[in-house]
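Everything below concerns the one structure shown next.
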Amino acid sequence: MFNISLVRVLALLGILCPAVPLVAQTALPSLPVVPAFPLEPVSAIATQGQLNIQHEAVPARPFSVVGPRGAVLGQQDGSLEVWLFPRKILSHLRISAQMDNYPVPIDVNEHAAGIEVRPEATIITFAHANFTVREIIVAPKHAAEGSGALILYQIDAVRPMTLTFSFTPNMQLMWPAESDDHPSPEWVGTSKTNGFYILHLNFPDHAAAIAMPTAEPGILEPYQELATNYPTQFVLHFDPARDAHTFFPLLMAASNTTATSTPEALAQQLLALDHSVQPMYEDNYAYYQNLLNSSMSIETPDARLNEAFSWAKVSIDQLRVETTPDRKEEALTAGFLGSGDSVRPGFGWFFGRDALWTMFALNSEGSFETTRKEIEFLLHRQSPEGKIFHEWSQTANLVDWKSLPYEYASADATALLPMVMNDYLRISGDKDFINAHWDNLLRAWQFECSHDADGDGIYDNSVGTAWVESWIPAMPKQEIYLAALDEQASTAFANLARATSHENLATEADARAGRIRTLIEKEYFLPQANFYAFSWNGHEAADPTATIFPSVAWWDGDYALDHSHAMLSRWASEEFSTDWGTRLLSDQASFYDPISYHQGSVWPLFTGWVSVAEYRAGRTLSGYAHLMQNADLTWSQDLGDVTELLSGKFFEPLGRSTAHQLWSSAMVISPVIRGMFGLEWNASANTLSVTPHLPADWQGATVRNVPSGTARLDLKFTRRPSELLIEALHAPEGLKLISQSTGARIQGNVLHIPLPDVEIAMHHQLPEFGAATSQLKVLDQQATAHSLTLSLSGLGGSTYNLLLRENASKLHVRADGATLSVSKDGLRDGLRAVSIAFSPAPGYAMKTVTFSW
């Protein structure tokens, strides 16, 4: 039976012909407004200070507030949509105001003045000469069943006014599940000021309820009228004398059974939600404070980098979403963006490779529980043959998912699995977890080894795409990306097999890794181009397109390509590097397109790969530049998050770039920890390797809560005139600090690393939106006992500034190709200014600068 009111049934039968729908006279509890409470609860003590971003609202920029059971996605003008997973409940929410004795209607969204983003909430402030409205948006970490998002409105005004909240009721399932026709909103309650809307679907087992205490319904379309898509509305009469210290919550609940879809059941859900507003907010606040204070953090002279690192942790954590309908699992979604008129909120569902690339960051910061849950989520969906899935929608259980082409569309997640599990083992020392999932791991390994269509011994694209989903002139058969992963997966599986006493398998995997290394050099290296090919297509030869995909060879720290010198220089140049990250391919490629998904856009993911490769290959200045580009993107679009992709020509995200992207935030953490600080773990041997590359203008830094097995420690870095001291504080008993830095020595519990006589520091800052690339590029750096040579590329007619540090006395440094300030005065820590001028010329030009002493 259809779940509609008796009044509507009678109207359908022609027994009643009301001019407007009658309010259902159901005896329901009243929903009180919420007394305003502090947004920084006294009960929650922050030891790191409040992490927040305050910025002028930019209407064209998005925001996202995401939790395990729901999300609010919108633009910074406050227009938004609400998801209670897996349904979009409402969209196009906007506010208008009519003030007493002020006969001009006000579009409140046009007065969006500021946005404040906190881990626990996002606050948009609307400012007018007569009023201020604050829209406080929360996605609770511990929401009750049926809820998942909450919006509070705090209002102040000179005189009474009426606010109208208009929205489109949706009740649409997330892609690819089919949804009913438009929902039928019905006002249910004892009066116009004590009620709520029920959004009915065609059958009685699904509904949603939306309420705003004391608000009246707006447009209620009579049945006799031709069906029209009027907005659903709440009309709120605000009196500053009565309501100044009040929160007006927009309460939303969804139901998935006939029993919970009745007006009485939905009213109880709303009432419980109304009573829990303050405890829920305070719980969110406390949750994120605990996350920030108990997980890895960095304290460096660069406050912006410190904050970007913290935001990256928060951003990743916010993308942990519960599966539906059973809520038994929680896994990482790929990212969110407002869906517009579609039912695809960015990539708001589960992706294998996105999560696996992100788990390296999670392992680095010691988020072991999240890693274990994610691996088990992937293994629960492993194919019988051993393949790891690519894509799992939030509505996969509602469709014939296996008949669609998405689940196992790509091949790389299977190779990434042993790499991540080996990384987890090396940092956590948790052999029990590896043993518990050995059969799954072995099946994945056997799948990888047995799928090689051309017989060359390398896992290839025959069972799914490696990276690109489109390519010119044709799709590749085996990409260097997948080949490099195969080598590292082989090494990783050998380590896992050895740790679990499978010696024969370890020997086989080690041998396989060696064969793949040799084959990659044979098949992919192009001597004439001095570069590695994009793909190997058997007897059809290699695709010579220059890309950044070879950079993944450096990812695990145990592998590097043999002929990389010229390639690394090209990656650092304007050919690949914009001022906001690295392009996928060379801008000299015949099919380069800066706004194409796979043929020329900039991905922070790729920037992170290249940064780690550069740090490990000794190109620390370019590695730093790329790292800081990713970190600075934290403030560029969806505040606190790093976007999915940007134009390869101008500094601007693509219109449909998923603004809150999982692996983009991970590529702030991984280059910092594995590149700049150079941490590598071996928990079974109780060693922590530290090979740092700190910027020359830093006096020191501290990395807190570094994981080491089941313990945590702090690493304190202190610069001395000729060496860097690294001290392990609160270290577990027996931990050994080691380093790959030349001349490193241990004295007591302090690691001493010699510093070069001369170091260079770079500035970092993203360009203005819409700008083209113009910043200095450091293509190479080569040091000898008495010189440092930089190969540079800069825009003709431009002058760039660097900083120089002398780590030894009486060096008498000379600069060839640059102007070096005579005095150290006026710059902090005795640094000297370096000015490099490029002669007028069109485009970029090369220049070599040598410092000698």
Completion exercise
Filtering segment 143-160 down to residues that are in contact with a helix residue (DSSP H, G or I) (Cβ under 9 Å, 6 or more places away or on another chain) and farther than 18 Å from residue 37 by Cβ yields 143, 144, 145, 146, 147, 157, 158, 159, 160
Completion exercise
Checked segment 125-145 for anything acidic (Asp, Glu) and touching a Lys or Arg at 6+ places or on another chain (Cβ under 9 Å); matches are 145
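In this structure, does residue 454 turn out to be surrounded by fewer than 24 Cβ atoms within 10 Å (Cβ to Cβ), among the acidic types (Asp, Glu), under 23 Å from residue 371 (Cβ atoms) and out of contact with any Phe, Trp or Tyr (no Cβ under 6 Å at 6 or more places or on another chain)?
Answer is no for this residue.
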Completion exercise
Within segment 97-126, residues among the small types (Gly, Ala, Ser) and under 23 Å from residue 281 (Cβ atoms) come out as 112, 113, 114, 121
Handout entry: Residue within segment 653-666 that is surrounded by 23 or more Cβ atoms within 10 Å (Cβ to Cβ), closer than 27 Å to residue 807 by Cα and of a type in the set (Phe, Trp, Tyr) present
Key = no
Exercise for the section: Might you check whether a residue that is part of a helix (DSSP H, G or I) and either modelled with pLDDT of 95 or more or farther than 30 Å from residue 313 by Cβ (or both) occurs anywhere in segment 574-595? Expected result: no
Practice task
For residue 393, indicate whether it is in contact with a His (Cβ under 6 Å, 6 or more places away or on another chain) and of a type in the set (Ser, Thr, Tyr).
Solution key: no
Practice task
Quick one: count up the residues across segment 575-610 that are touching a strand residue (DSSP E or B) at 6+ places or on another chain (Cβ under 8 Å), open to solvent by 10 Å² or more (accessible area, probe 1.4 Å) and of a type in the set (Phe, Trp, Tyr).
Solution key: 1
Exercise for the section: Among the numbered conditions (1) in contact with a helix residue (DSSP H, G or I) (Cβ under 8 Å, 6 or more places away or on another chain); (2) within 23 Å of residue 572 (Cβ to Cβ); (3) open to solvent by less than 10 Å² (accessible area, probe 1.4 Å), tell me where residue 624 comes up short. Expected result: (3)
Practice task
Could you please let me know if residue 613 is over 12 Å from the mean Cα position of the chain (by Cα), closer than 21 Å to residue 567 by Cα and open to solvent by 20 Å² or more (accessible area, probe 1.4 Å)?
Solution key: no
Practice task
Name the one entry in 492, 444, 484 that is in contact with a Ser or Thr (Cβ under 7 Å, 6 or more places away or on another chain) and buried (at least 24 other Cβ atoms within 10 Å of the Cβ).
Solution key: 444
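Considering only residues that are of a type in the set (A, V, I, L, M, F, W, C) and touching a Ser or Thr at 6+ places or on another chain (Cβ under 7 Å), look in segment 402-428 and name the one that is least open to solvent (accessible area, probe 1.4 Å).
411
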Practice task
Can you give me the number of residues within segment 514-539 that are touching a residue at least 40 places away in the same chain (Cβ under 8 Å) and assigned to a helix (DSSP H, G or I)?
Solution key: 9
Practice task
Within segment 333-344, identify whether any single residue is of a type in the set (Gly, Ala, Ser) and over 28 Å from residue 74 (Cβ atoms), and answer yes or no.
Solution key: no
Exercise for the section: Name every residue in segment 242-261 that is hydrophobic (A, V, I, L, M, F, W, C) and without any contact (Cβ under 8 Å) to a residue 24 or more places away in the chain, in order of residue number. Expected result: 259
Problem - Hey, residue 512 farther than 23 Å from residue 605 by Cα, open to solvent by 30 Å² or more (accessible area, probe 1.4 Å) and at pLDDT 95 or above or not - result: no
Practice task
Give segment 628-646 a look and list any residue that's polar (S, T, N, Q) and open to solvent by less than 10 Å² (accessible area, probe 1.4 Å), or say none.
Solution key: 630, 634, 643
Completion exercise
Cβ pairs under 7 Å, 6+ apart or interchain, first in segment 673-695 and modelled with pLDDT of 95 or more and surrounded by 20 or more Cβ atoms within 10 Å (Cβ to Cβ), second part of a strand (DSSP E or B) and of a type in the set (Phe, Trp, Tyr), ordered by first then second residue, are 688/681; 692/717; 694/717
Handout entry: Residue count for segment 553-570, restricted to those that are assigned to a helix (DSSP H, G or I) and either touching a Leu at 6+ places or on another chain (Cβ under 9 Å) or more than 18 Å from residue 532 (Cβ to Cβ) (or both)
Key = 6
Exercise for the section: Check whether at least one residue in segment 467-475 is modelled with pLDDT under 95, in contact with a His (Cβ under 8 Å, 6 or more places away or on another chain), farther than 30 Å from residue 681 by Cβ and open to solvent by less than 30 Å² (accessible area, probe 1.4 Å), and report yes or no. Expected result: yes
Practice task
For residues that are part of a strand (DSSP E or B), among the aliphatic types (A, V, I, L, M) and under 30 Å from the mean Cα position of the chain (by Cα), scanning just segment 692-727, find the one that is nearest to residue 298 (Cα to Cα).
Solution key: 703
Handout entry: Matching residues, segment 218-232, being touching a residue at least 12 places away in the same chain (Cβ under 8 Å) and either in contact with a Gly (Cβ under 9 Å, 6 or more places away or on another chain) or surrounded by 14 or more Cβ atoms within 10 Å (Cβ to Cβ) (or both)
Key = 218, 219, 220, 221, 223, 231, 232
Exercise for the section: Could you tell me which residue of segment 256-305 is farthest from residue 669 (Cα to Cα), considering only residues that are touching a strand residue (DSSP E or B) at 6+ places or on another chain (Cβ under 7 Å) and charged (D, E, K, R)? Expected result: 274
Handout entry: Residues of segment 103-116 satisfying the condition of being part of a strand (DSSP E or B) and either surrounded by 15 or more Cβ atoms within 10 Å (Cβ to Cβ) or under 29 Å from the mean Cα position of the chain (by Cα) (or both)
Key = 106, 112, 113, 114, 115, 116
Completion exercise
Picked from segment 81-102 (must be in contact (Cβ under 8 Å) with a residue 60 or more places away in the chain and in a loop (DSSP other than H, G, I, E, B)), the residue most open to solvent (accessible area, probe 1.4 Å) is 100
Handout entry: Residue list for segment 52-80, filter: polar (S, T, N, Q), within 15 Å of residue 658 (Cα to Cα) and open to solvent by less than 20 Å² (accessible area, probe 1.4 Å)
Key = 64
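The values are calculated or read from the model by the stated rules, or taken from the named source; none is laboratory data. Bear in mind the structure is a predicted one, so any value in this text is a computation, not a measurement. Please note: Cβ atoms are built from the backbone with ideal geometry, for glycine as well, and neighbour counts cover all protein chains shown. The protein model used for the area step is the full one, side chains on, heavy atoms only, and it has no ligands, DNA or RNA in it. Shrake-Rupley method; radii C 1.70, N 1.55, O 1.52, S 1.80 Å.
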